[in-house]
Amino acid sequence: MDMDDLILLTTGVTLLACVLTVLGMHAYASGKAQREALVDRLSTTGQIPLGRRRRFRGVDRRVRRTKFGRKLELKLAATGLDVTPGEFFVYMVATVAGLWVIGQSVLAAFFGPLCGLLGVYVAMQFLNWQRQKRIEKFINQLPELSRILANATQAGLALRTALSMAADELEAPAGEELAKVANQLAVGHSLDDALGELAARLPSRELSVLVTTLILSNRAGGTVVGALRNLTETLEERKETRREVRTQLSQVNMTSYAVPVMGVGSLLLMDSVKDGALDRMTGSGAGRISVIVAFVLYAIGFVLIRRMSRIDV
């Protein structure tokens, strides 16, 4: 190949690359414009909300690829919080760093890592608390949900239509969860799969009974009105029973939280009585082991009190 052919080949490849680059940029700009127009049209008609601007998108993409990120995404979906896995991970890391610094400055350098681990535990428990609170609120709405479904089916509406109507009438979280079920049914999911995912997101005995009743009635093709009427009365009774049990166990639950607080308070009291006592105590191996054993015992006491006071209704 002589020099003229090489120059001609290089020029052709360069021109082809430029053409492909221009076409790619045009396709990207056109797609972006169409997406923005679609979002604007749907938001003006009220079909989708204008979501807030997400933070830490790069971190969010990396976190979602991990096994921890996928589990975290499922937990966040069950809590109903408007937070991405990346945002929650950054906030958790910031909390761990803050507690680490506070533990080192207020107590002693040895307590910094322990306070950091406490930050991870607190973040996970916060998700569990939010999820349980959402489940409790959803359970309290189940009698009204069962009543709406019974009235709708008695009026001759299909079960899919009754679920969509209940999603419009009920407040969050029942309205939001039923809207997800209705959207899944609209795109072709079966009723069994949609209701099964609902029961998996918000696990509870009451919801499992309702979902099983709806699935069996849909499969058998029989009437569901009578079953829903009886289920409504049962859910009302269970709602009152759960409220009474929660009131009776409120003092025991407060005791479970008071146990670890007393341990941390004793450390602060010890350090305030004699300045530098915690530094000298954690300066030796025996002192560190004693502190770790004490924290483990406080944690075991907290767990045991919570387990003994747990009554499944």
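The values are calculated or read from the model by the stated rules, or taken from the named source; none is laboratory data. Remember, predicted model here, so these are calculated numbers, not experimental data. So basically every Cβ, Gly included, is an ideal-geometry build from the backbone, and we count neighbours across all protein chains shown. In case anyone asks, the SASA skips ligands and DNA or RNA and just uses the protein heavy atoms, side chains included. Shrake-Rupley method; radii C 1.70, N 1.55, O 1.52, S 1.80 Å.
Mind checking which of Gly12, Val303, Leu228 is farthest towards the positive end of the chain's charge dipole, using Cβ charges of +1 (Lys, Arg) and -1 (Asp, Glu) about the Cα centre?
Highest projection toward the positive end goes to Val303.
Measure off, as a whole percent, the carbon and sulfur share of the 1.4 Å-probe accessible area of the chain, all protein chains present.
63
Which residue fluctuates the most in the chain, going by a Gaussian network model with Cα springs under 10 Å, if the choices are Ser208, Ser217, Ser250?
Ser250
In deg cm²/dmol, rounded to 500, what helix-only [θ] at 222 nm does the chain give when every DSSP H run of at least 4 residues adds -39500 (n - 2.57) and the total is split over its residues?
-27500 deg cm²/dmol
Using 0.36 nm per residue, how much length does the chain from Arg53 to Lys137 gain when fully extended, once their Cα-Cα distance is taken away?
27.4 nm
Specify, per residue and in Å³, the volume enclosed by the convex hull of the alpha carbon atoms belonging to the chain.
Each residue corresponds to 255 Å³ of Cα convex hull volume.
Scan the chain and report its longest stretch carrying no trypsin sites (Lys or Arg not before Pro) that are both in a DSSP loop and have at most 13 other Cβ atoms within 10 Å.
66-273
With every protein chain kept in place and ligands, DNA and RNA left out, what is the accessible area per residue of segment 125-224? Probe 1.4 Å, answer in Å².
That works out to 48 Å² per residue.
Taking the Cβ-Cβ separation of Gln248 and Arg62 as r and a Förster radius of 35 Å, what is the calculated FRET efficiency to the nearest 0.05?
0.15
Set the Förster radius R0 to 41 Å, insert the Cβ-Cβ distance between Met308 and Asp193 as r into 1/(1 + (r/R0)^6), and round the FRET efficiency to 0.05.
0.60
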